[in-house]
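Below you'll find the structure, written out as structure tokens, and then a few comments.
The values are calculated or read from the model by the stated rules, or taken from the named source; none is laboratory data. Bear in mind the structure is a predicted one, so any value in this text is a computation, not a measurement. With ideal geometry, Cβ positions are generated from the backbone for all residues, glycine too; neighbour counts draw on all protein chains shown. Remember, those area values only see protein heavy atoms, side chains included, never the ligands or the DNA or RNA. Shrake-Rupley method; radii C 1.70, N 1.55, O 1.52, S 1.80 Å.
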Amino acid sequence: MNRKDLFQDSEKLLHRSMNRKDFLDKVSKIAVVGLGMTLTQPLNNLRVEAAPQFTSYPFTLGVASGDPLSDSVVLWTRLAPEPLNGGGMPNYNVPVQWELAEDEAFRKIVQQGTELATPELGHSVHVEVGDMEANKQYYYRFKAGNEISPVGKTKTLPAPGQPLSKLTFAFASCQQFEHGYYTAYRHMAEEKLDLVFHLGDYIYEYGPNEYISKTGNVRTHNGPEIITLDDYRNRLAQYKSDKDLRAAHAACPWIVTWDDHEVENNYADEIPEKGQSVEEFIQRRINAYQAYYEHMPLRKSSIPQGPDMNLYRRFTYGDLVEFNVLDTRQYRDDQANGDGIKPPNEESMDPNRTLTGADQERWLLEGLGRSQARWNVLAQQVFFNQLNFNTADAPKYNMDAWDGYAANRDRILDFVSENQVGNLVVLTGDVHANWAGDIKKDYNDPDSETLGSEFVGTSITSGGDGAEQRKDTAQFLAENPHIKFFNDYRGYVRCTITPQKWTADYRVVPYVSQPGAAIATRATFEIKHNEPGLKLKVDKPLSNTKKQSAEVEADRIEAQENAHEKQMKKLNKMEIGNR
Ligand SMILES: [Fe+2]
């Protein structure tokens, strides 16, 4: 079956097999509860149990807050006394009380309420608190039965247009649980941050030891490759069983977006990786999206509708910065040229190609066009800058990144150039290494106009212990003069924005295969307002650590291909066994 047929078939299937109305009915009923209306009747014909008996402590997954506005934040928790076993909640509704206070001891409670945790959404709770003061810190906690949750700290955005002197935030991505400890999150929780962005690969879908880090897996996934709703719930719960991750969530509001592994490696819209029918994959995507929503501090506008979920959205931080949070996975064309690191071909260079989908592209350009902010940000998943992995005569690009969708990037950059969208900064995850580079009007002409800069953050754990450089680093930096920096340690990027300058600190840990590593600033870049281009301020290799590993860029892709091979072998064995 060719790609077009596959698309048409999956489209048909979507309209045929999804009973969207049922789901929407259910969702709108749940949303009514969120609006604070009086709860008189159980909405799903299940009883409401105000004095539930839990088999053990129900707040095992911690608390989180997110999607802040100037008068509102989302407060999140999920009742899961047996987090790795479907949650362990009985099949009834449980009222969960919440409190918002000005102080950590909850002496000055400013708001409180009750939200119903229902089995349909895995007993998760997403409270959209309103009437909050702008640019203000709050504390929150939950109570169910006689149990009280840990305390979380959150903060509202400043009012739109309000003059703002400073914003400090961090961004992170890629946290393969088996590849290492979340030491970086423990350090992140201790930073004084207004905000955290997660740019995807919050979980990985693999079975135990299918995806193996070069430095050896140090923890084990709790079950085989995840497919069902319960599988995805258990996997998200296993990741949240890490106390360092929970601490980072409790420390400040998060704005999350996903990449591929929240569902499956390198999926594109409704096209799975390999070895599944589109029908099977769409059901899998429904399961994955629902579990993701259940575990993230997202607004009800992101409640999945069957296989669809709204995740691209915009946050305006006073007059200082506007964040455009993208979803480059849900609406993209299939990877060109069979995916992987390949030469460009007719398909990858097709002028109609899209990574964002037409609606999101229009929304993005419209937002960039009317932005009044001093800094304009794309917070997104995959490598934005052109990155040639071979020679100028015979270029090779990552077909899963923007290079595989060059026309989509060109349309955005043409708009940026023509409309003089200034002070553009792109934040990126995905590639398990630190990079920094300038965005060029013409990547093949180093003297062409610089339209902005991209900071690519390394992984929290994915890839295992790192090194200063990889075997292929020098070649890539020489071949791509707009790329200014590479480093292969784990960590996150901390950004401090003022009206005059953007400062990015690459925070790294020397190892993740053991707990307890110290954090250090490996490099600091600055961008001056209205003076595009990166300026290297600090370049400080870690002492007594590995200068260069034997790894190359293709190893990451190969390790995931090997994982997929293992999955396919298991599948074949099962099929033979069933005959
Ligand atoms: Fe990743």
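Brief remarks follow.
Yes/no per residue for (1) surrounded by fewer than 22 Cβ atoms within 10 Å (Cβ to Cβ); (2) more than 30 Å from His249 (Cα to Cα); (3) of a type in the set (D, E, K, R):
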{"residue": "Val321", "(1), (2), (3)": "no, no, no"}
{"residue": "Thr328", "(1), (2), (3)": "no, no, no"}
{"residue": "Ile341", "(1), (2), (3)": "yes, yes, no"}
{"residue": "Ser348", "(1), (2), (3)": "yes, yes, no"}
{"residue": "Pro351", "(1), (2), (3)": "yes, yes, no"}
{"residue": "Thr356", "(1), (2), (3)": "no, no, no"}
{"residue": "Arg362", "(1), (2), (3)": "yes, yes, yes"}
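- Residue, farthest from the ligand (Cβ to nearest atom), within the range 203-214, restricted to residues that are open to solvent by less than 60 Å² (accessible area, probe 1.4 Å) and not small (Gly, Ala, Ser): Pro208
- Per the listing Glu558, Glu551, the residue uniquely part of a helix (DSSP H, G or I) and at pLDDT below 95 is Glu558.
- Within the range 137-148, tally of residues that are in a loop (DSSP other than H, G, I, E, B) and either within 16 Å of the ligand (Cβ to nearest atom) or open to solvent by less than 40 Å² (accessible area, probe 1.4 Å) (or both): 1
- Residues that are of a type in the set (D, E, K, R), outside any loop (DSSP other than H, G, I, E, B) and either under 21 Å from Val426 (Cα atoms) or open to solvent by 10 Å² or more (accessible area, probe 1.4 Å) (or both), drawn from the range 149-202: Lys153, Lys155, Arg186, Glu190
- Failed criterion for Arg235 (all others in (1) open to solvent by 10 Å² or more (accessible area, probe 1.4 Å); (2) of a type outside the set (Val, Ile, Thr); (3) within 16 Å of the ligand (Cβ to nearest atom); (4) free of Cβ contacts under 8 Å to residues at least 60 places away in the same chain hold): (1)
So that you can scan it fast, the table gives a plain yes or no per residue for (1) open to solvent by 10 Å² or more (accessible area, probe 1.4 Å); (2) free of Cβ contacts under 8 Å to residues at least 40 places away in the same chain; (3) over 19 Å from Ala251 (Cα atoms):
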{"site": "Pro58", "(1), (2), (3)": "no, no, yes"}
{"site": "Ser70", "(1), (2), (3)": "yes, no, no"}
{"site": "Leu75", "(1), (2), (3)": "no, no, no"}
{"site": "Gly88", "(1), (2), (3)": "yes, yes, yes"}
{"site": "Tyr92", "(1), (2), (3)": "yes, no, yes"}
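- Matching entry among Val426, Val456 (being under 21 Å from the mean Cα position of the chain (by Cα) and over 20 Å from Asn266 (Cα atoms)): Val426
- The range 452-465 residues that are farther than 19 Å from Tyr511 by Cα, paired with ones that are hydrophobic (A, V, I, L, M, F, W, C) and within 10 Å of the ligand (Cβ to nearest atom) (beta carbon under 9 Å, 6 or more apart): Val456/Val431
- Of the residues making up the range 235-258, at least one is outside any helix (DSSP H, G or I), among the small types (Gly, Ala, Ser) and at pLDDT 95 or above.
- Any hit, the range 431-438, residues being of a type outside the set (A, V, I, L, M, F, W, C), over 30 Å from Gln500 (Cβ atoms), modelled with pLDDT of 95 or more and within 16 Å of the ligand (Cβ to nearest atom): yes
- Breaking point among (1) within 16 Å of the ligand (Cβ to nearest atom); (2) of a type in the set (Val, Ile, Thr); (3) outside any loop (DSSP other than H, G, I, E, B), for Thr524: (1)
- Taking residues in the range 422-447 that are open to solvent by 10 Å² or more (accessible area, probe 1.4 Å), and partners anywhere that are away from the ligand (no atom under 16 Å from the Cβ) and of a type in the set (Asp, Glu), the pairs with Cβ atoms closer than 7 Å and at least 6 places apart or on different chains are Lys441/Glu449.
- Of the residues examined, Val382 is one that is of a type in the set (Val, Ile, Thr), touching a residue at least 24 places away in the same chain (Cβ under 8 Å) and under 21 Å from Tyr267 (Cα atoms).
- From Lys471, Lys484, residue being in contact (Cβ under 8 Å) with a residue 12 or more places away in the chain, open to solvent by 20 Å² or more (accessible area, probe 1.4 Å), assigned to a loop (DSSP other than H, G, I, E, B) and more than 16 Å from the ligand (Cβ to nearest atom): Lys471
- Taking each residue of the range 501-516 that is in a loop (DSSP other than H, G, I, E, B) and looking for partners that are open to solvent by 10 Å² or more (accessible area, probe 1.4 Å) and aromatic (Phe, Trp, Tyr) with beta-carbon atoms closer than 6 Å, six or more apart or interchain, yields Val512/Tyr181; Pro515/Tyr181.
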